[in-house]
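In what follows, a structure is listed as structure tokens, so that the remarks can point back to it.
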Amino acid sequence: MKSIEYIKESFPNSSDQSWPWWPLLPLYPYGRRRTLFKEIIPKQVWSFEQTQGLYYVAVPVRLTVAKVPGGLMLINPLPPTLELQKILKDLEAKYGEVLTIVLPTASGLEHKISLPSLARVFPKASIWLCEGQWSFPFNLPLDLIGISSSRTKFLFKDGLPHSEICDWHSLGPLDIGLGRFQEVACFHKPSGALFVTDALVGIEEEPPAIYELDPTPLLFHSRDRGDQPLVDSLEARRRGWARLVLFASFLRPSQLDIPPISEVLRFSFRSGVRTPKAHFGIFPFAWKEDWEESAKKLLGKKRPLLQVAPVLERLIFPRAKESLFDWLNQLERLKGLKWLISAHYSPIVSCDGYRIRDLKKRIESRPWADSNDDYKFLGGVDKLLLKFGVVPTDPLKAFKD
Ligand SMILES: [Fe+2]
């Protein structure tokens, strides 16, 4: 396994981490994408991790590499910086060429944005896409967004890649108004690993290792006021991580107040924070006293907590619980399932039929798509979208007949 030290020693040059296409989706860390590489199942599965987000709410995002007969399969593209390419070339030398690149989600913009660049790095690889790809705000043909239709196939419609060792399980399609939600999970039988994109994640209370490369997002959000400098400590990193998870899960957590602009400006531009890194002290957040109680519900102690992300529950599945459960039932029956490897958060999560049953029980024991407490903001957004007809009342209707 190549450690963080390997990355630091082998690629000290930040130009190896440069990502020139960042203006297409201007998210932190913008033009510099540090990559954490890990072999997560020996000789079978590898993880390439970067962070990505808005206003320092940058959470881990993952490209998964799996051994397949004759070479390698890449699932969920990431910006192919030189650093990432060099490690992938090392893997190719050992395990065979990249044969397949899979984008198994129809809607996840953060996963599809780097597909054209990654496809150019491996011109001989075949590209498999989830059907119903769409881009926002304009729905452009694949060729126009740089994905050559001549080397592209669609999952299910044109078959399935590596079906001798992989089972593919679709969640959706669902009509979410702006486009289609669908993601296709891949069960890689040789490793017992289930690859998913967004629908299932595992989160734990310890900050993920990727922040060793750049703890700024954690330290920025660990503070309570804009005039406080970014100070590194284990405690600050844990507090920042818990808050990032709350932001990413609920968009506007109920435990967060947005102070008036006069209050924000009062603590801005003070000495010690007059730097771009500290956003010049502009910090429009005020956490309520018991914010940690909300975070505890999402963070696993000692091991990642398997869950459906609240933002998906409340904005994608509020009227499609049955579709989600149909998919979970398929996963529960997988023989030899040992691990969940999703495109966000913890790289590898213990997962088998028992754990999926437990997840279903936890979901059944509380109201689904609630609009109270932590879910208040998301519930309000969903109600508004319904009211203005942006999202349909029946997400399956468009796909019937
Ligand atoms: Fe995602």
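The values are calculated or read from the model by the stated rules, or taken from the named source; none is laboratory data. Just so you know, these numbers come straight off a predicted model, no measurement behind them. Backbone-built Cβ (ideal geometry, glycine too); neighbour counts: all protein chains shown.
Restricting the first member to the stretch 266-280 and to residues that are under 20 Å from residue 214 (Cβ atoms), and the second to residues that are in a helix (DSSP H, G or I) and not basic (Lys, Arg), the beta-carbon pairs closer than 7 Å and six or more apart or on different chains are 273/280; 273/281; 277/216. All of 341, 348 fail the test of being of a type in the set (Val, Ile, Thr), out of contact with any helix residue (DSSP H, G or I) (no Cβ under 9 Å at 6 or more places or on another chain), away from the ligand (no atom under 16 Å from the Cβ) and at pLDDT 95 or above, apart from 348. Among (1) away from the ligand (no atom under 16 Å from the Cβ); (2) buried (at least 19 other Cβ atoms within 10 Å of the Cβ); (3) closer than 30 Å to residue 386 by Cβ; (4) modelled with pLDDT of 95 or more, which single condition is residue 175 missing? Tallying (1) away from the ligand (no atom under 16 Å from the Cβ); (2) buried (at least 19 other Cβ atoms within 10 Å of the Cβ); (3) closer than 30 Å to residue 386 by Cβ; (4) modelled with pLDDT of 95 or more, residue 175 fails exactly one: (4).
From the list 340, 331, 324, 359, the one residue that fits, being in contact with a His (Cβ under 7 Å, 6 or more places away or on another chain) and either surrounded by 13 or more Cβ atoms within 10 Å (Cβ to Cβ) or not in a helix (DSSP H, G or I) (or both), is 331. Just one of the numbered conditions (1) within 21 Å of the chain's Cα centre (by Cα); (2) surrounded by fewer than 23 Cβ atoms within 10 Å (Cβ to Cβ) is not true of residue 147: (1). Among the candidates 227, 232, the residue that is touching a helix residue (DSSP H, G or I) at 6+ places or on another chain (Cβ under 8 Å), closer than 26 Å to residue 295 by Cα, part of a loop (DSSP other than H, G, I, E, B) and without any contact (Cβ under 8 Å) to a residue 24 or more places away in the chain is uniquely 232. A single entry from 388, 325, 317, 377 fulfils the requirement of being over 22 Å from the mean Cα position of the chain (by Cα) and aromatic (Phe, Trp, Tyr): 388.
Residue 89 falls short of the stated requirement of being in a loop (DSSP other than H, G, I, E, B) and of a type in the set (Lys, Arg). Pairs meeting the criteria (first residue in the stretch 339-352 and over 10 Å from residue 304 (Cβ atoms) and free of Cβ contacts under 8 Å to residues at least 24 places away in the same chain, second residue more than 15 Å from the ligand (Cβ to nearest atom) and assigned to a strand (DSSP E or B), beta carbons under 9 Å, at least 6 apart or on different chains) are 352/339.
Restricted to the stretch 52-78, and to residues that are assigned to a strand (DSSP E or B) and modelled with pLDDT under 95, which residue is nearest to residue 113 (Cα to Cα)? Step by step, filter the stretch 52-78, then rank; the result is 52. Scanning the stretch 67-85 turns up at least one residue that is away from the ligand (no atom under 16 Å from the Cβ), touching a helix residue (DSSP H, G or I) at 6+ places or on another chain (Cβ under 9 Å), of a type in the set (Ser, Thr, Tyr) and assigned by TED's automatic domain parsing to the domain that holds residue 342.
If you take the residues in the stretch 86-125 that are of a type in the set (Ser, Thr, Tyr) and more than 15 Å from residue 154 (Cα to Cα), which one is farthest from the ligand (Cβ to nearest atom)? Residue satisfying both the conditions and the ranking: 95. Within the stretch 87-117, the set of residues being within 22 Å of the chain's Cα centre (by Cα), within 20 Å of residue 184 (Cα to Cα) and hydrophobic (A, V, I, L, M, F, W, C) comprises 101, 102, 103, 106, 109, 113, 115. May I ask you to list pairs of residues, at least six apart or on different chains, whose Cβ atoms are under 7 Å apart, with the first in the stretch 189-208 being within 19 Å of residue 44 (Cα to Cα) and of a type in the set (A, V, I, L, M, F, W, C) and the second being within 13 Å of the ligand (Cβ to nearest atom) and at pLDDT 95 or above? Hits for this filter: 195/64; 195/75; 196/183; 196/342. Residues that are over 18 Å from the mean Cα position of the chain (by Cα) and surrounded by fewer than 15 Cβ atoms within 10 Å (Cβ to Cβ) were ranked within the stretch 33-61; the one that is nearest to residue 210 (Cα to Cα) is 39.
Checked against the criterion of being under 25 Å from residue 302 (Cα atoms), touching a strand residue (DSSP E or B) at 6+ places or on another chain (Cβ under 9 Å) and within 16 Å of the ligand (Cβ to nearest atom), the candidates 249, 191 yield just one match: 249. If the condition is being farther than 30 Å from residue 311 by Cα and out of contact with any Gly (no Cβ under 7 Å at 6 or more places or on another chain), then the stretch 232-273 contributes 262, 265, 266, 271, 272. What residue, among those in the stretch 194-205 that are part of a loop (DSSP other than H, G, I, E, B) and within 20 Å of residue 110 (Cα to Cα), is farthest from the ligand (Cβ to nearest atom)? Per the criteria, the residue is 200.
Report, by residue number, each residue of the stretch 50-66 that is farther than 17 Å from residue 246 by Cβ and away from the ligand (no atom under 13 Å from the Cβ). Result: 65, 66.
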